[in-house]
1. Pick from GLY272, GLY298, GLY229: which is assigned to a loop (DSSP other than H, G, I, E, B) and either in contact with a helix residue (DSSP H, G or I) (Cβ under 9 Å, 6 or more places away or on another chain) or surrounded by 18 or more Cβ atoms within 10 Å (Cβ to Cβ) (or both)?
2. For GLY69, which of the numbered conditions (1) free of Cβ contacts under 8 Å to residues at least 40 places away in the same chain; (2) over 29 Å from the mean Cα position of the chain (by Cα); (3) away from ligand 1 (no atom under 15 Å from the Cβ) fails to hold?
3. Within the stretch 152-175, take every residue that is aliphatic (A, V, I, L, M) and outside any helix (DSSP H, G or I) and give me the one that is nearest to ligand 1 (Cβ to nearest atom).
4. If ASP109 meets every condition in (1) part of a loop (DSSP other than H, G, I, E, B); (2) within 10 Å of ligand 1 (Cβ to nearest atom); (3) under 24 Å from GLN10 (Cα atoms) apart from one, which number is that one?
5. Kindly indicate which of ILE224, ILE213, ILE228, ILE192 is within 17 Å of ARG152 (Cα to Cα), among the aliphatic types (A, V, I, L, M) and touching a residue at least 12 places away in the same chain (Cβ under 8 Å).
6. Quick one: which residue in GLU200, GLU187, GLU175 is surrounded by fewer than 19 Cβ atoms within 10 Å (Cβ to Cβ) and either in the same structural domain as VAL146 (by TED's automatic domain parsing) or among the hydroxyl-bearing types (Ser, Thr, Tyr) (or both)?
7. If you scan the stretch 427-437, which residues turn out to be surrounded by 12 or more Cβ atoms within 10 Å (Cβ to Cβ) and either assigned to a helix (DSSP H, G or I) or in contact with an Asp or Glu (Cβ under 9 Å, 6 or more places away or on another chain) (or both)?
8. Just for helices (runs of 4 or more DSSP H) wholly inside the stretch 309-408: which have at least 3 residues that are touching a His at 6+ places or on another chain (Cβ under 7 Å) and closer than 21 Å to ARG291 by Cα?
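The values are calculated or read from the model by the stated rules, or taken from the named source; none is laboratory data. Every value quoted in this text rests on a predicted model; they were computed, and no experiment measured them. With ideal geometry, Cβ positions are generated from the backbone for all residues, glycine too; neighbour counts draw on all protein chains shown.
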Amino acid sequence: KITLTPTIEQVINKLESAGFEAFVVGGCVRDSLLGKRPHDWDVCTDALPAQVISCFNGWPVIETGLKHGTVTVIIQGFPVEITTYRTESGYSDARRPDQVTFVRKLEEDLGRRDFTINAMAYHPRKGLKDLFGGQEDLHRGIIRCVGSARRRFEEDALRILRALRFASVFGFSLEKETAQAVNLCKERLAMIAPERIRTELDQMLCGQGVLDILLAYSPVLQVILPEIGEMRGFEQRSPYHVYDIWEHTARSTASVQAQRILRLTMLLHDIGKPSCFTEEGGEGHFYGHDRKSAQMAGEILRRLKYDNETLEKVVQLVGRHGDCFPAQPVPIKRRLNRMGEEQFWRLLEVKRADILAQAPDKQPLRLAQLEEIRFVLQKLLAEKECFSRKELRVSGTDLIDIGIPQGPKIGELLSDLLEKVIEEELPNEKQALLNYVRELSK
Ligand code: ATP
Ligand code: MG
C-alpha cells in the first residue's frame with residue numbers, strides 16, 4: 001500500500017546491509033496511508049548517529065541534531081533525515097526534552113511520538129508497525145495522543161497546537177480525552193517560543209477544517225492571541241451582521257483562499273473592533289476600527305516573529321479591508337498605484353470573504369459590486385492602462401533630453417505626471433506629457 005521512493009529504499013538497504021534496522025516513520029507513513037504524496041521521508045534506525053554517518057561514508061551528510069540523534073543525508077539532491085530510536089525525558093520547561101536517550105527498540109521510539117496517526121512506522125517487507133491504533137484513527141478522522149493526553153501536553157505544550165493543526169489540515173476532530181486535555185493544559189502554551197507557535201498557526205489557518213477549530217477552541221487560541229477574548233460574544237449591532245465578531249472572523253477566515261497572507265488577514269481584520277466601539281450617534285459604531293485593527297495586527301505579528309514582508313502585507317490589507325470605492329477606472333488605478341497589483345487582487349479576495357461572513361440578505365448586492373470592480377480591473381490590466389511609472393510613456397531620460405537638469409526634480413516631475421495620468425487629467429502620450437512639462441518649466 002505504501003510505495004517508497006527508490007532513494008528511500010536505498011537508504012533502508014544501506015543501513016540493513018550494515019546490520020541495522022531501518023523504517024520510514026511519522027508524517028510520511030500517515031500521508032501515504034491518506035493517499036497523499038509525502039513532502040519528505042523520515043527514517044528511523046537502531047544505528048547510533050556515528051554509525052549512520054560511517055554507513056553513508058562518502059555521501060554529503062549534515063549533522064543536523066547530532067545530540068538528538070538526527071543525521072541528514074543528501075541523496076541525489078534529496079535530504080533524508082535519519083534518526084536513531086530514542087526516548088525523551090524531563091521536560092522541565094515544557095519546550096524541549098532535557099535529555100534524549102537512545103534505545104534499541106522501534107516500539108519505544110514510537111511511544112514517544114505525539115499522536116497515534118504520527119506514531120506508525122513502515123518497512124517494505126516487514127509491513128506496517130501500528131502499536132496504538134493509528135490506522136483506525138486515521139480512518140475515523142481522529143487526533144488522539146499516544147498515552148495519557150494530559151501527560152503528553154504537560155511534557156510539551158506545543159503538541160496542543162499541533163493537535164489543532166492536524167485536526168484543521170485533515171478536517172479531523174479531537175478524541176474526547178485529547179480534547180479535554182487540550183483545554184486543561186492550554187495555559188502552558190504561554191511557555192512556547194513564538195517561532196514554533198507561528199509555524200503551527202500558519203498551517204492550522206490554511207487547513208480545510210479551520211472554521212470548526214476556530215469556533216471550538218477559541219479559549220486555547222486566546223492564550224496566544226489574548227485579543228480574541230474581547231471579540232467572543234461581541235454583537236455587532238448592524239444590519240450587515242448576524243454573528244458576533246469572533247464567529248464573523250472565523251467564518252471569513254474559512255471563506256478566503258487557503259493562502260497564508262489571506263488567512264492571517266481575515267483572522268486579524270476585525271481584531272481592533274471591540275476597542276473602537278462607541279454608543280455615540282445612535283445604536284453604536286466602530287469608528288476607525290480598520291486603522292486600529294491594522295495597528296494591532298502589526299503588534300501581534302511582530303510578537304509572533306513574522307517576517308517583515310508578511311507583516312507589511314497583512315497590515316495593509318487589514319487597514320484597507322473596509323475601503324469603499326466605486327467600480328470606476330480612476331479609483332481603481334489609484335489603488336493599484338498605492339498597493340501594487342498583487343495586493344489589490346488580495347484586497348478583493350479579502351472583501352469577498354468579509355461579505356461571505358455577513359448577513360445573507362446583504363450579500364448579493366455587495367458581491368455584485370465586487371464583481372464589477374473585478375471586471376473593470378481586468379479591463380484596465382488587459383489594456384495596459386497606466387498606474388505606475390512602468391506604464392508611463394515618459395522616462396527620466398526623456399525629461400533630460402528636453403533640457404530638465406538631472407537631479408531630484410526629475411523624480412518629482414515623473415510623480416506629478418503619473419498622478420495626472422492616473423487621475424485622467426493628462427493622456428498617457430509622450431508628446432502631450434512632454435508639452436505639459438515644457439509649459440511648467442517656462
Ligand atoms: P508534517 O511534516 O507534515 O508537518 P509530521 O508529522 O512529519 O508532519 P514533523 O514535525 O515533521 O511532523 O515531525 C515528524 C514526526 O516526529 C511526527 O510525525 C511525530 O511522530 C514526531 N513529532 C514531531 N514533533 C513532536 C512533538 N512535539 N512531540 C512528539 N512527537 C513529535
Ligand atoms: Mg515531517
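1. Details: GLY298 fails: assigned to a loop (DSSP other than H, G, I, E, B); GLY229 fails: assigned to a loop (DSSP other than H, G, I, E, B).
The conditions single out GLY272.
2. Every condition holds for GLY69 apart from (3).
3. Restricting attention to the stretch 152-175, the residues satisfying the condition of being aliphatic (A, V, I, L, M) are 157-158, 160-161, 163-164, 167, 169, 174.
From the residues that got through so far, the ones that are outside any helix (DSSP H, G or I) too are 157, 174.
Values: ALA157: 9, LEU174: 16 Å.
The selected residue is ALA157.
4. (1)
5. Checking each option against the conditions leaves just ILE192.
6. Details: GLU200 fails: surrounded by fewer than 19 Cβ atoms within 10 Å (Cβ to Cβ); GLU175 fails: surrounded by fewer than 19 Cβ atoms within 10 Å (Cβ to Cβ).
It is GLU187.
7. Let us first name the residues in the stretch 427-437 that are surrounded by 12 or more Cβ atoms within 10 Å (Cβ to Cβ), namely 427-430, 432-437.
Scanning the stretch 427-437 gives ASN428, LYS430, ALA432, LEU433, LEU434, ASN435, TYR436, VAL437.
8. Here the list reads 341-356.
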